[in-house]
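Below is one structure, written out as structure tokens; the observations come after it.
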Amino acid sequence: MPPVLKIALIEPFFSGSHQRWAEELQRNSRHQIDLLTLPGRSWKWRMHGAAVTLANQLLSRETQYDLLLSTDMLDFAVFLGLVRSRYAKTPSAVYFHENQLCYPWSPRDADVKKSRDLHYAFINYTTALAADRVYYNSQYHRDAFVGALPKFLDRYPDHRNKSTISSIDSKSQALPLGLDLRAFDEFKPDAPRAKGVPLLLWNHRWEYDKNPKGFCKLLFALADRGLEFEVALLGDRFDEEPEYFAHARKKLGRRIISYGRADSFADYAQWLWRADILPVTSRQDFFGGSVVEAIYCGCHPVLPKRLAYPNHVDTEIYSDLYYSSQEDAVNKLATLIGSGAWTRPSELATQMSSYDWRKCIDHYDETFVECAELI
């Protein structure tokens, strides 16, 4: 019988994709995975204070765990120090959904203006340094984080400890995000919809790092060329409505047939199966779960040749799907619309199924066993 571990999964930001990953991992793994969580709000305070609260949660439990697994929103070095009375010899690991070294901060953020943004990146750095294993949701993410460390440490006046980079590098590995893709299968239509004009999709958060401005510029350029299309602007709305989305709503009018968060998962899944083309303009995607979901449901992606997308879609075989500039993106979208290829589901759909938990959970489970056997 394969070993079954007791794993404490510590998630300070239990919301959205972080929550889904944690709950789906718990549900699919053969290991006993217990969740220690805090609500997904006030992310900066979570990175400062969650270590104290969650350390107390862990110490109050009778279970003695074989592995401590945290995510990147925790000050893991502080956490491990606080639980050392019981867990000094217990292996530990951190899973990076994102990181603050490479994250594109909004220029409107007050911490950027006052140079306080470095502190959150430093927490990520010491978290990786303190953990026995460091996992990232994509190979791109792993390489970006380790590659950003030299320049990041150079920003400090002295004692930069750059020798620690090789230590982090040697214990870092990609562990691609697991997704419950089979949940979309229930909502796949029995017959394809009658195709009139292509439906372009946005299914990401309405935030700066996803670049809603760039997305809307593509739509305006296509409209200026006289191309016919419809748009579904889905996704979570956080602090405020992006200015360009409000502008697009006025300028594109009837072309926008859905605006705002889907009412349910069923509604969201049905929109993804209905959509035809996925223009992606993000400034940052450490994995790109919403992109993988849309492609799985048959959308044809048009992608920037950077970030995590080459981990999912081969840049040489599918070079026609990648763009290098806004003009190039508009041209590729226009060609795709004109070709009529969008009327058939993307051939990439089956490739995305490798991220379904059914396909990747065994690799997760064995990876955790390897970590637990370190000590």
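The values are calculated or read from the model by the stated rules, or taken from the named source; none is laboratory data. Small disclaimer: the values here were computed from a predicted structure and weren't measured. Virtual Cβ from ideal backbone geometry, glycine too; neighbours counted across all protein chains shown.
Of the helices (runs of 4 or more DSSP H) entirely within segment 234-337, those holding at least 3 residues that are aromatic (F, W, Y) occupy 265-274.
Evaluated against (1) surrounded by fewer than 17 Cβ atoms within 10 Å (Cβ to Cβ); (2) assigned to a strand (DSSP E or B); (3) among the hydrophobic types (A, V, I, L, M, F, W, C), A183 falls short on exactly one condition, (2). For first residues located in segment 25-41 and closer than 16 Å to S60 by Cα, partners that are of a type in the set (S, T, Y) and surrounded by fewer than 21 Cβ atoms within 10 Å (Cβ to Cβ) and lie 6+ apart or on another chain with Cβ distances below 7 Å form the pairs D34/T63; L38/T53.
The residues of segment 229-270 that are under 18 Å from R193 (Cα atoms) and in contact (Cβ under 8 Å) with a residue 40 or more places away in the chain, listed by number, are F229, A232, I257, A266, Y268, A269, Q270. If you filter segment 327-367 down to residues that are touching a Pro at 6+ places or on another chain (Cβ under 9 Å) and among the hydrophobic types (A, V, I, L, M, F, W, C), you find that the one that is farthest from V280 (Cα to Cα) is C360.
Within segment 192-203, residues that are outside the structural domain of A232 (by TED's automatic domain parsing) reach no partner that is assigned to a strand (DSSP E or B) and modelled with pLDDT under 95 with beta carbons closer than 8 Å at six or more positions or on different chains. If I filter segment 280-294 for residues that are crowded, with 20+ Cβ neighbours inside 10 Å, farther than 18 Å from G16 by Cβ and under 17 Å from the mean Cα position of the chain (by Cα), do I get at least one hit? Scanning segment 280-294 turns up at least one residue that is crowded, with 20+ Cβ neighbours inside 10 Å, farther than 18 Å from G16 by Cβ and under 17 Å from the mean Cα position of the chain (by Cα). Selection over segment 192-233 of residues that are over 20 Å from the mean Cα position of the chain (by Cα), in a loop (DSSP other than H, G, I, E, B) and not small (G, A, S) gives a count of 9.
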